[in-house]
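What follows is calculated from the coordinates using simple rules that are stated; it is not laboratory data. Given the structure is predicted, the values throughout are model-derived calculations rather than measurements. Heads up, the Cβs are rebuilt from the backbone with ideal geometry, glycines too, and the neighbour counts pull from every protein chain shown.
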Amino acid sequence: MTDVLGVCTAWADGVCVVAPSSGGPPVTIRIADIVSGKPVPPRPSPRLRVTPREAQVRAFALFPDLVVTPVPGPSGWLLRSSATATARRANSVLAFPTTSSESEALGRDSYDVATVTEVEASYRAIGKPAVAAVLAESEERTFLASLGWVPESSDADTQFQLASVATARRALRGGDTDRVVVTSEDGVASASVPGAQGFAAYADDWVGFRGIEVAPEHRRQGLARTVMAALLEWGAERGATTAYLQVLGHNAPALALYDGMGFTTHHTYAYLTPGA
């Protein structure tokens, strides 16, 4: 017995022809010799195989002054705080599972009421509200909700999206980036044109984006695409192959823009805070 994994390119005249996924010449098999076969879905891109936690940790690069401290104990939760950034992802505990898949959460043995008390005390000590980032469907979210934690705002859950830098650049080809002013410091780039701006950070062959904003009176002029094109170029020049960003699930215009650039949702998460 033997097997082959690939794409069936022909099924006629008593034979099946398979193009091996590993490369090499086509394999011809007599249909009478086939014992079994089954459809196999394509493997996801390597960039989609990183865990949500790993993706979030990579995004720490967007905030150069970010202070990250593990919560004492086995939870693996990470306390985040920034002296300059007001974004929730820079001032919340990353309460994500540390396992290789969302469905293999460590379970309640890794965190308890003491863990949550530590989180609340840590943020109280620096004069900030306790906020937790949790996967949209997770044991952590259920556990915190059982303790009375509630959504931090009325915002929809946040989508963490990924794309190939090459694909995104092709989608934005032809944009007028010559008028974009790009400066960088501490690994973070700022791009601006009259009426629009945005920021990017590069680390470990990933480039991330935040704060892509267009003034109301300048919208529908393609300025967001122009800024993104300039920042993508900046990241590509440094060797980035994967692009990431985070967008609220109710931001339809932004989601449409990023979908057209090849971004897909890697994971979705929410922010919780202690209830009254």
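Worth a mention:
- Adding -39500 (n - 2.57) for every DSSP H run of four residues or longer, then dividing by how many residues the chain holds, sets the calculated 222 nm ellipticity at -6000 deg cm²/dmol.
- Prolate/oblate/rounded call for region 47-157, Cα gyration tensor, a/c under 1.5 rounded: rounded
- Quotient of C-alpha Rg and 2.2 N^0.38 Å, computed over the chain: 1.23
- Where the alpha-carbon atoms of region 160-268 are placed on the principal axes, they occupy 36, 31, 25 Å, in descending order.
- Taking θ as phi - 60° and the Karplus parameters 6.51, -1.76 and 1.60, the scalar couplings of region 192-198 work out to 8, 9, x, x, 8, 7, x Hz in sequence order, x denoting glycine and proline.
- Working from label points 7 Å from Cα in the Cα-to-Cβ sense, the Asp3 to Thr117 distance is 5.2 nm.
- Taking every DSSP beta bridge that has both ends in region 160-268, the antiparallel portion is near 90%.
- Amide H within-cut-off set for Gly222, under 5 Å, with H built and near neighbours excluded: none
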